[in-house]
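To keep things clear, I will list the structure first and then write my remarks on it.
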Amino acid sequence: MKVLIVGSGGREHAIAWKLAQSPLVDKLYCAPGNAGIAQIAECVPIGPMEFDRLAAFAKEKAVDLTVVGMDDPLVGGIVDVFEAEGLAVFGPRKNAAILEGSKAFSKDLMKKYGIPTAGYETFTSAEDALAYLRTQAKFPTVLKADGLALGKGVLICEDLLQAEAGIAELMQERRFGAAGDTVVIEEFMTGREVSVLSFVDGKTIRVMTSAQDHKRAKDGDQGLNTGGMGTFSPSPFFTPEIEAWCQAHIFEPTVAAMAAEGRPFQGIIFFGLMLTADGPRVLEYNARFGDPETQVVLPRMENDLMEVFLACVNGTLDQVELKFADNAAVCVVLASDGYPEHYEKGLPITGLESFEGDPSHFVFHAGTKRNEAGELVTNGGRVLGVTALGATLREARSEAYAATERVHFANKYMRHDIGKAIDEA
Ligand code: AMP
Ligand code: GLY
């Protein structure tokens, strides 16, 4: 089969790497891809929001399945465009991708179906939001832009002054454009965060192994929010008892709620959970694989990923059992110093040859490209994800950090405390 992957990050590299191992797959395309993906797939220079060009390409090449990795095209309705052309595609339609595309929608859904989440109010006017903050909010409080904002639309405000500035930023200065015209003000929760990815075929859900992300740029969870600076899997805090509870109270009910709303969800649901003292609560939903969660989850997965994708598209996921190795994985992101703000690009990367043929250490490319001289150079904030497998989380962590020493570029930056929570388990 021929597969087209839409996206260009470390997540898409991990998906391509896993699909390349499937006996069902004989040709991989990726639009637009990156220098690492180009080693296993044919990269095509079409942007992820160019739906008509992507669909025309899929038709021309007789692509059997398109897999959409990124949130923007899903929320924008790429799946509907492909389906209208009779093309098979893995991912939710626009009316289901709204689970990620609108926080107000997802909060209302959870409230209506009794799915545990933080208490909240939704506002479409800055005056109303400010009046609420001045009279009723408890601090800290959480402001969330309704729409997609590159993971930066969540503001945790310690006091009224910060919250007022946050409303100005989101609703009045419109820092994220229309995404901030509606704002959710949410109760602040404390606890451990867990990312749980799942496959869904509209009716059936199959949950993958858990992971934990590290969203802040600096050690000790300091600095700005980023796309994610590293991950580990599994989360030792997400016990089988907690998983069973989430299955009954969060995972299954979410899939049933979407179906009941006439928005059957086919694709990946990513549950961002907070394990609070009062039990697990949903922090957010995403409608796609996590980045860099995918870089620790897929290396531990024993199933043929293509088989699972096809089962989702064909509505036969009930016949699939997922299998994950009884091991652990840690991914450390190598970023450009200065990310997520200002950083230099185009710097040569060396040392990756040592990973070729290595069965337990992998480098997933995020922001890389070949320059005119054909050299591998940095091309983004998050450059590479170095993943190591180990028998235990501790072993995987020390292997991942040792492997980061094998990779060189001038402004290489990483956190040194990815997986620190393991020591508290
Ligand atoms: P989100 O994009 O909704 O996952 O939010 C980004 C990050 O903000 C989360 O990973 C949490 O660390 C934090 N966060 C979001 N909502 C809350 C909340 N209600 N209470 C505490 N922290 C939150
Ligand atoms: N790593 C978090 C996300 O993909 O949204």
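One residue alone among Ala163, Ala145 is touching a residue at least 40 places away in the same chain (Cβ under 8 Å), crowded, with 17+ Cβ neighbours inside 10 Å, under 22 Å from Leu283 (Cβ atoms) and within 16 Å of ligand 1 (Cβ to nearest atom), and that residue is Ala145.
Conditions (1) surrounded by fewer than 17 Cβ atoms within 10 Å (Cβ to Cβ); (2) not acidic (Asp, Glu); (3) not in a loop (DSSP other than H, G, I, E, B), marked per residue:
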residue	(1), (2), (3)
Lys18	no, yes, yes
Tyr29	no, yes, yes
Asn34	no, yes, no
Pro48	no, yes, no
Ala56	yes, yes, yes
Pro73	no, yes, yes
Val81	no, yes, yes
Gly86	yes, yes, no
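Selection within the range 110-135: residues that are within 16 Å of ligand 1 (Cβ to nearest atom) and polar (S, T, N, Q). The member of this set that is surrounded by the fewest Cβ atoms within 10 Å (Cβ to Cβ) is Thr122.
Within the range 173-202, being under 19 Å from the mean Cα position of the chain (by Cα) and away from ligand 1 (no atom under 15 Å from the Cβ) holds for Ser198, Phe199, Val200, Asp201.
Do we have any residue at all in the range 303-323 that's among the hydrophobic types (A, V, I, L, M, F, W, C), outside any strand (DSSP E or B) and either within 16 Å of ligand 2 (Cβ to nearest atom) or modelled with pLDDT under 95 (or both)? Within the range 303-323, not a single residue is among the hydrophobic types (A, V, I, L, M, F, W, C), outside any strand (DSSP E or B) and either within 16 Å of ligand 2 (Cβ to nearest atom) or modelled with pLDDT under 95 (or both).
A single entry from Thr392, Thr404, Thr378 fulfils the requirement of being among the polar types (S, T, N, Q) and either closer than 23 Å to Phe324 by Cα or in contact with a His (Cβ under 8 Å, 6 or more places away or on another chain) (or both): Thr392. For Lys152, state whether it is within 14 Å of ligand 1 (Cβ to nearest atom), modelled with pLDDT under 95, under 28 Å from the mean Cα position of the chain (by Cα) and of a type outside the set (Val, Ile, Thr). So Lys152 passes the test.
Quick check: anything in the range 258-276 farther than 22 Å from Gly101 by Cα and either among the aromatic types (Phe, Trp, Tyr) or within 16 Å of ligand 1 (Cβ to nearest atom) (or both)? Checked against the condition, which is being farther than 22 Å from Gly101 by Cα and either among the aromatic types (Phe, Trp, Tyr) or within 16 Å of ligand 1 (Cβ to nearest atom) (or both), the range 258-276 yields at least one hit.
Within the set Arg281, Arg288, Arg263, the sole residue that is over 26 Å from Arg394 (Cβ atoms), basic (Lys, Arg) and more than 20 Å from the chain's Cα centre (by Cα) turns out to be Arg263. Restricting Glu372, Glu344 to those that are among the charged types (D, E, K, R), touching a strand residue (DSSP E or B) at 6+ places or on another chain (Cβ under 8 Å) and part of a loop (DSSP other than H, G, I, E, B) reduces the list to Glu344. When the range 148-160 is filtered for residues that are closer than 16 Å to Gly119 by Cβ and without any contact (Cβ under 8 Å) to a residue 24 or more places away in the chain, only Cys157 remains. With the condition kept exactly as written, say whether any residue in the range 395-409 is in contact with a helix residue (DSSP H, G or I) (Cβ under 6 Å, 6 or more places away or on another chain), buried (at least 17 other Cβ atoms within 10 Å of the Cβ), assigned to a helix (DSSP H, G or I) and in contact (Cβ under 8 Å) with a residue 40 or more places away in the chain. No.
The values are calculated or read from the model by the stated rules, or taken from the named source; none is laboratory data. Everything numeric in this text was worked out from a predicted model, so none of it was measured. Reconstructed Cβ throughout: ideal geometry from the backbone, glycine too, with neighbour counts over all protein chains shown.
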